[in-house]
Amino acid sequence: MLNGSVCETEHNKSMDMGNQHPSISRLQEIQKEVKSIEQQVIGFSGLSDDKNYKKLERILTKQLFEIDSVDTEGKGDIQQARKRAAQETERLLKELEQNANHPHRLEIQNIFKEAQALVKEKIEPFSSGGSCVTDEFEEGIQDIILRLTHVKTGGKISLRKARYHTLTKICAVQEIIEDCMKKQPSLPLSEDAHPSVAKINCVMCEVNKARGTLIALLMGVNSSETCRHLSCVLSGLIADLDALDVCGRTEIRNYRREVVEDINKLLKYLDLEEEADTTHAFDLRQNHSILKIEKVLKRMREIKNELLQAQSPPELYLSSKTELQGLIGQLDEVSLEKNPCIREARRRAVIEVQTLITYLDLKEALEKRKLFTGEEHPSHKAVWNVLGNLSEIQGEVLSFDGNRTDKNYIRLEELLTKQLLALDAVDPQGEEKCKAARKQAVKLAQNILSYLDLKSDEWEY
């Protein structure tokens, strides 16, 4: 009987599906089409004037019209299905708009515009085949890279992609310039050496000009050239070099090889635009270097928790410091992969570990001071009192896990500011030892304040 009931139920389901109202079937088809572009919308990293934005917006708007045209015949279930389909489509339209107009996305674009202006103003020598770049340009590019690295993404895929793609372009420009400045071909040879040398020299001049064109393309400041055309030009130069008869002359062959290598490097940068929408390199969560950094941070947090919860922490000071110094060594070995975000992640990890070491150093110093029984200058004693307060506050800062709007953040910031004011009120009375101690205590308080800021700025790779 049971098997018969199951078969009958399955048969009824098939009949129901076959007898489904055409309006419901149409709504399901539309929802399926909308679902097919959902990941494109979630990952959209461009701006509202991009072609892809307009394409996605057009598709979703069209589906809304399709949904609206479905006849419900006054039936409640069809009305509800249409309402759900419309809500889902509207949600994606809203997310698309938010991605393109997110304040941090606009921040990325504004920084990129600064880079574009810098390229227009300072990169003229490359356009004429030169290689003179000012220190001002190099410093400007470095500052832009640093600011882009610090743009917060909040884990949002669209922002992480936008930051990664923008950084990739600007870092490529930086690499092209640095490579050109520090590594010129070991030749050229005199054109009298061999007829082929004149042709290689000519190609090398074209390569130098192509660098300027490539930089302009990467930065979007050249509307008269395309990546495809430049790729054809560079490939043609390689073909010209391959066709040369160098007659077994080693020095000429080496010269040709160096110019070919330069061209291949430029071709590699041209691939960046094509890879932009397909690469998942923006997601650093599975990056080998990031995983090593996270492993170090995990162990550091375990050590920190052991210290903060220990009944007799002085017994752990030496072993903990030794292990923490080892963690600093592990961070030094992390490969940066020419990625500013990995560099920033490592920098922050080093600060995390180093702050815990500083905390232990101060705790040890305060433990030794308990044994001190001699006379001391009142100002020196005042500095030590502040250091005792800073040690307690630093323990709280190490445990803090919030943002800058938290009441606890404001309280800790005020406590640290009070300690700085207390140090400012200490009069060394000409005592050099007291002056040095006060200076060191001020530096410690400022470092704790900076660490509190770093912990609460919500940056992520």
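Quick note: the coordinates plus some simple rules give every number you see, no bench work behind them. What you are looking at is a predicted structure, and each value in this text was computed from that prediction instead of being measured. Note that we place each Cβ from the backbone using ideal geometry, even for glycine, and neighbour counts take in every protein chain shown.
General remarks:
- Mean Cβ count within 10 Å, highest first, over the residues of peptides 387-394, 313-320: 387-394, 313-320
- Over all distinct Cα-Cα pairs of the chain, the Kirkwood formula returns a hydrodynamic radius of 28.3 Å.
- Over the range 333-417, volume per residue of the alpha carbon convex hull, in Å³: 138 Å³
- Total formal charge among the other residues, if their Cβ is under 10 angstrom from that of Glu114, Lys/Arg +1 and Asp/Glu -1: +1
- The residues neighbouring Arg160, those whose beta-carbon lies less than 13 Å from its own, together hold a net charge of +4 under the Lys/Arg +1, Asp/Glu -1 convention.
- Summed residue charge, Cβ within 15 Å of Thr89's Cβ, Lys/Arg positive, Asp/Glu negative: 0
- Residue by residue, the range 107-118 carries 3J(HN,Hα) couplings of 4, 4, 5, 5, 5, 5, 5, 4, 5, 4, 5, 5 Hz when phi is fed to the Karplus relation 6.51 cos²θ - 1.76 cosθ + 1.60 (θ = phi - 60°); x denotes Gly or Pro.
- P(r) weight above 20 Å for the range 31-115, C-alpha pairs, percent: 42 percent
- Spin-label model, Glu396 to Ser223: label points 7 Å out along the Cα-to-beta-carbon direction sit 5.8 nm apart.
- Label-point separation in nm, Asp71 to Gln40, each point 7 Å along Cα→Cβ: 3.1 nm
- Evaluating kT/(6 pi eta Rh) at 10 °C and 1.306 mPa s, with the Kirkwood radius of the range 200-244 over Cα pairs in the Stokes-Einstein relation, gives 144 µm² s⁻¹.
- Cα-Cα separations in the range 204-335 greater than 19 Å, expressed as whole percent: 69 percent
- Over the chain, DSSP H runs of length four or greater, each weighted -39,500 (n - 2.57), average out per residue to a 222 nm ellipticity of -26000 deg cm²/dmol.
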